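Written below as structure tokens is the structure these notes are about.
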Amino acid sequence: MKSALYQEWIAEEREEASINRLKIVIAELLIEKFDYVTKEIKEKLNTINDEEILDSLFRKAVRIDSIKSFETLLEKVQKGY
């Protein structure tokens, strides 16, 4: 049987991996959709560590019409984050 501390550590590691994966997937989606992603977008994405916010950004990235619109959205998120 694993200790509670070990189980908590594993859960935190999984959450961190999921968050990092979401950041990568969002950047890859933007590259696929718009052929590039700016360094600023990557830097701003890396400041967000809330999985729900990243999930929402992913859904918005699917529907958004320009890279500039996504940058504006990220700025709004950061102001409220």
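The values are calculated or read from the model by the stated rules, or taken from the named source; none is laboratory data. Computed from a prediction, not measured in an experiment: that's the story for all the values here. Glycine gets a Cβ as well: all are built from the backbone with ideal geometry, and neighbour counts include every protein chain shown.
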Original post:
So, in region 32-45, of the ones that are over 13 Å from the mean Cα position of the chain (by Cα) and in a helix (DSSP H, G or I), which residue ends up farthest from residue 21 (Cα to Cα)?
Top reply: 34
Original post:
Got a number for residues in region 49-77 being without any contact (Cβ under 8 Å) to a residue 12 or more places away in the chain and of a type outside the set (Val, Ile, Thr)?
Top reply: 8
Original post:
Taking interchain pairs and intrachain pairs at least six residues apart, which have beta carbon atoms under 9 angstrom, with the first residue in region 18-42 and free of Cβ contacts under 8 Å to residues at least 12 places away in the same chain and among the aliphatic types (A, V, I, L, M) and the second surrounded by 12 or more Cβ atoms within 10 Å (Cβ to Cβ) and part of a loop (DSSP other than H, G, I, E, B)?
Top reply: 31/37
Subject >> Filtered residue count, region 26-58, keeping only those that are basic (Lys, Arg) and either exposed (fewer than 11 other Cβ atoms within 10 Å of the Cβ) or touching a Pro at 6+ places or on another chain (Cβ under 7 Å) (or both) >> reply: 1
Original post:
Scanning for something at pLDDT 95 or above, surrounded by 11 or more Cβ atoms within 10 Å (Cβ to Cβ), more than 18 Å from residue 20 (Cα to Cα) and of a type in the set (Gly, Ala, Ser), does region 66-78 turn up at least one residue?
Top reply: yes
**OP:** All but one of (1) part of a helix (DSSP H, G or I); (2) within 9 Å of the chain's Cα centre (by Cα); (3) not hydroxyl-bearing (Ser, Thr, Tyr) hold for residue 48, so report the exception by its number.
**Re:** (1)
